[in-house]
Every structure is written in structure tokens, then in C-alpha cells.
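The values are calculated or read from the model by the stated rules, or taken from the named source; none is laboratory data. Computed from a predicted structure; not experimentally measured. Every residue, glycine as well, gets a Cβ built from its backbone with ideal geometry; the counts of neighbours run over all protein chains shown.
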Amino acid sequence: MPIIGICEVIYGVEDMETCTRFWTDYGLVPLTQEGVARSFGVASGSRITILPKEDPALPPANFEGPGVRRTVFGVDTLDALEGYAQRLASVTEVERVGNSLYFLDCDGNPIGLRVWDKRPVMCRPDPVNAPDAIVRLNQHRKWRVRAEPRTINHIVYWSDDYVRSYEWYRDHLDFRMSDHSKANGIFARASGTYEHHTLFWVTTGHPGREGTKGYAHIAFGVEDIDEIMVGANYMMDQGWSNQRPFAAALNRHRISSALYYYFPCPCGGDAEYHADTDYVDDGWVPRVWEIMFGAAMWGSSSPGFFGAKGISWDVQLDYGEASIEAWRGPVSQWPTGPSEGHAVTK
Ligand SMILES: [Fe+2]
């Protein structure tokens, strides 16, 4: 009964016009408007929907300000939906609306499941030349003008117990752990997807994040580094800022290998252009990483945060998810190691 990806992400926002301009500049396609809600699509059929944050059609917020008010995951069949409806009924209240289920996860985040006819997506990134590895002869790269995000690859939520959050999705929605970044969070993949992660829960123990609820950022899949940078240049030309406390501009994660570029989003959190991620299946063995080592291979800015100084090359295979047992409960030490006496909640 696979979950095949993120079908729809619904925001409650403060300024509909500014958010409309953001997603249009970002490269999403405006869809038919229904009432006050506005939706924006990508090639896979995934959509972003925005509503005024006070709109009664939205589930109650569990955080202040604008942000994601519901994430809806797609399932491939009605049988899959029925199966999850039965399983979820024992752990949370489930509302059935047509071919959708609505419920709260263990962190109080409103979530949905929906039967989804996901569209196939074709990407053909330009082959990359290197000396003695010439795969693009007498042929220049695509001359891109705008980014056109094809997919929604992942969404990130804050959690005060990221092990508990992951286990809830593993046990009730069949997510698989991809990697564990110690004292930082767990990356997990929906069972019917191949992108490295569909969800990441990041600890609220990071400085300044205590008490944070809800969503942190969302990532859109594009073809390659050129599409990321053309998109980023266009966004800046339209007046959008790429300034944020760390990891601004173009960077590459070591965990997942992905290229990423965040823009602070007027809908709340950040929007991420995302390319060249690892694709994995059930043959993948999770790794457990020291946070700074896994966070980035390189960054185009913020060398103080992601620089090579003082990083331990600490990564191991994590058979059987053995690493997570030591990280239950709130994790508050930064940047490495479990905090002394951090609470064990299970
Ligand atoms: Fe991300």
C-alpha cells in the first residue's frame, strides 16, 4: 500500500497577493482558482494551495503566523487508502472526505492521505563533461530561462522528539529511514518513492527553536545546477531575498548528495530548489552521521557554519536503525552528541 509522494501542501498565509507572486516567480504554474483558495502546480501533479490563515476551511494552526497547515500525501489506490484508514483509526481520529483521509500526526500536525493519479515526470539533465569522460561532444548545455519545478520532493517539520515522530510514520504509514543526523533529525522516505527523503524531522533543540511547531521548509525537484541557479537569479531579479541565518545560496549536502538553494517564503518557512539528490530503494542501508559532517559537502556562503574546521568525519552504516535508541526525547546539545541527561520519553 505505497504512499507515492506529496500530493498537496496547504498554507495559511497573511498576504495572498505576495504569496501568489512568490510561487509564480518561483516557477510554479497557477491552476484554476476555487473560491478564495489559489493553487499552483508542478509537472508531477503535486500542488501548493494558499488560503488566508484565518480561513475556516483550514485546520486549526498549531503555530503562530503563516505556514503549512496541512500536508497531503498521495496513495496509489483506493484499497491503499482503506487500509491506512483502518490502521490509523487505532492511533488518531480520522476524518473521511471522498477519497481523502484527514488526521493529526503524533506532533499535532494536520496531515492527509488522498488517492492520487500522480503524473510521470521526464527530466533529461545535460550530461556533464570531464577530461577523458566526454559525454557531450559538439553540443552545448541547455540555455535555460526560468526554473520549472517538476516535483515536490520533501517537506521538513520541527519536532521535539524526532525519533518518536519518525517511528509514528514508520509504524502507521510505512515510511523508511534513509539517514540519521545525530542531535539533528531523521530523514525518511515514503514507501512508494525513490527520492532520498520525503520527510525530515529536525529537532526543536537547536538554538532559538525551542517551542517551535509545524513546518520548516519544502523542496522542489528541478533538473540540475543550471536550473537551480537560473531560478535563483530570476527570483533575485524579481526582488526576492535569499538571505537567511545560514546555508544561504547554493550548497551541496553530504547526506543525500543533493544540491540545494533556499528562499525565505512569504507563506512561511523556506522554499528549496533541489537537484541531483540520491535516489534509493529498500536495498539502501541507512547511515548515522555527525551533524556537521552530514550537513554539507560545501557551501557557497556561511563558511563559519559549514566550513571544514573541526568537523569529525563520523559516519557509520546503521543496520536495524540501531542508532536511534540513544536519541529519544528532546535533544538539546549543539552541534554534536546527546545532551547530558536528555529526557528519555519511552
Ligand atoms: Fe530540504
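Quick notes on this structure:
- Each residue in the stretch 242-267 was checked for being more than 15 Å from the ligand (Cβ to nearest atom) and either modelled with pLDDT of 95 or more or crowded, with 17+ Cβ neighbours inside 10 Å (or both), and 2 of them qualify.
- Count of the stretch 52-110 residues, restricted to those that are in contact with a helix residue (DSSP H, G or I) (Cβ under 8 Å, 6 or more places away or on another chain) and among the aliphatic types (A, V, I, L, M), is 5.
- The residue that is farthest from the ligand (Cβ to nearest atom), among those in the stretch 216-228 that are surrounded by 24 or more Cβ atoms within 10 Å (Cβ to Cβ) and within 23 Å of residue 107 (Cβ to Cβ), is 218.
Residue by residue, here is whether (1) crowded, with 18+ Cβ neighbours inside 10 Å; (2) among the charged types (D, E, K, R) holds:
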{"site": "63", "(1), (2)": "yes, no"}
{"site": "68", "(1), (2)": "yes, no"}
{"site": "75", "(1), (2)": "yes, no"}
{"site": "87", "(1), (2)": "no, yes"}
{"site": "90", "(1), (2)": "no, no"}
{"site": "94", "(1), (2)": "no, no"}
{"site": "99", "(1), (2)": "no, no"}
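- For residue 127, the requirement of being more than 16 Å from the ligand (Cβ to nearest atom) and either more than 29 Å from residue 26 (Cβ to Cβ) or touching a residue at least 24 places away in the same chain (Cβ under 8 Å) (or both) is not met.
- Boolean, residue 206 is under 20 Å from residue 185 (Cα atoms) and modelled with pLDDT of 95 or more: no
- Restricting 161, 171 to residues that are over 19 Å from residue 274 (Cβ atoms), surrounded by fewer than 19 Cβ atoms within 10 Å (Cβ to Cβ) and of a type in the set (D, E, K, R) narrows the list to 171.
- The selection criterion, being surrounded by fewer than 23 Cβ atoms within 10 Å (Cβ to Cβ), among the aliphatic types (A, V, I, L, M) and modelled with pLDDT under 95, holds for residue 183.
- Scoring residue 187 on the criteria (1) more than 16 Å from the ligand (Cβ to nearest atom); (2) in contact with a strand residue (DSSP E or B) (Cβ under 6 Å, 6 or more places away or on another chain) leaves a single failure, condition (1).
- Check on residue 54, within 16 Å of residue 172 (Cβ to Cβ) and not in a strand (DSSP E or B): no
- Within the stretch 205-215, considering residues that are surrounded by fewer than 20 Cβ atoms within 10 Å (Cβ to Cβ) and not small (Gly, Ala, Ser), the one farthest from the ligand (Cβ to nearest atom): 210
- When the stretch 130-187 is filtered for residues that are of a type in the set (A, V, I, L, M) and farther than 30 Å from residue 230 by Cα, the ones remaining, listed by number, are 163, 173, 177, 183, 186.
- Some residue of the stretch 21-38 being among the polar types (S, T, N, Q) and within 18 Å of the chain's Cα centre (by Cα): no
- The residues in the stretch 268-281 that are away from the ligand (no atom under 13 Å from the Cβ) and out of contact with any Ser or Thr (no Cβ under 7 Å at 6 or more places or on another chain) can be counted, and the count is 3.
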